[in-house]
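Chemist: Below is the structure I would like to discuss, written out as structure tokens.
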Amino acid sequence: MGSAAPWHKKGVQMNVNGEIRPNDEIIELTANIDDMTGEELGLALEEILKAGAVDVYMLPAIMKKNRPGTILNVLTREDKREAVIRAVFKNTNTIGVREKLMQRYVLKREMDHVETPLGAVSLKRSEGYGVRREKPEHDDMVKIAAENDMTLMEVKDLVKSCMIKKAAGKT
């Protein structure tokens, strides 16, 4: 092995000198869109996600002739690229899609749960590069709030309290 591990290989985070390197590759697709309503754009976003996109977001922009428009950004994996590009063309009025292969830094992710008096709530954990994060699953908290006539903030407070108790029990 040479003096540095290749940074372009998936999963490699540091070279032997301890320098942080990307640990993932992702394809970014970008398209300019005009003459579509907000409702049409929302449906397009859903369909592009169904086709296998990792993430989709849209930004407002001023296009040619000072017309309002939208810049569509899609992140996808190599194996889903063709299906996602087809979904972009099928569900938007764009006439072109730009592609860029990108290196990215990604925290390791895992799921856990915390028990509350009102039921279990999934926890999303992420860590790496010297940081550790834990976040309750929003949809689980919304469900508990609806089933128990509580506000989302009340459920968040309950879940955080249970997370603290769980962490204290582990130490």
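The values are calculated or read from the model by the stated rules, or taken from the named source; none is laboratory data. For clarity, every value in this text was computed on a predicted model and none was experimentally measured. Here the Cβ positions follow ideal geometry from the backbone for every residue, glycine too, while neighbour counts run over all protein chains shown. Only protein heavy atoms, including side chains, enter the accessible area calculation; ligands, DNA and RNA are left aside. Shrake-Rupley method; radii C 1.70, N 1.55, O 1.52, S 1.80 Å.
Chemist: Under a straight-distance cross-link criterion of Cα-Cα below 13 Å, which aspartates and glutamates are reachable from Lys108, leaving out those fewer than 8 residues away in the same chain?
Modeler: Asp24, Glu127, Glu134
Chemist: Sticking with this one: Distance in nm between label sites at Arg109 and Ser126, each 7 Å beyond Cα in the beta-carbon direction?
Modeler: Result: 0.7 nm between the two label points.
Chemist: Take Asp79 and Thr37, extend 7 Å from each Cα along the Cα→Cβ direction, and tell me the distance between the two endpoints in nm.
Modeler: For the pair Asp79/Thr37, the computed spacing is 3.8 nm.
Chemist: Sum -39500 (n - 2.57) across every DSSP H segment of at least 4 residues in the chain, then divide by the residue count to get the 222 nm mean residue ellipticity, nearest 500.
Modeler: Computed mean residue ellipticity for the chain: -10000 deg cm²/dmol.
Chemist: Consider the candidate values (i) 69, 44, 40; (ii) 59, 57, 28; (iii) 55, 34, 30; state which one is Cα extents along the principal axes in Å computed from the structure displayed.
Modeler: (ii)
Chemist: Another one. Give the cross-link partners of Lys166 among the aspartates and glutamates, using a straight C-alpha distance below 12 Å as the criterion and excluding same-chain residues fewer than 8 apart.
Modeler: Here the aspartates and glutamates satisfying the reach criterion relative to Lys166 are Asp112, Glu115.
Chemist: Starting with the highest mean, order 104-117, 86-99, 45-58 by the number of other Cβ atoms within 10 Å, averaged over the residues of each peptide.
Modeler: For the peptides 104-117, 86-99, 45-58, the packing ranking is 45-58, 86-99, 104-117.
Chemist: Ignoring ligands, DNA and RNA, what accessible area per residue does segment 41-127 give at 1.4 Å, in Å²?
Modeler: 65 Å²
Chemist: Once you keep just the Cα pairs under 8 angstrom separated by 6 or more residues, what percentage relative contact order results for the chain?
Modeler: 19 percent
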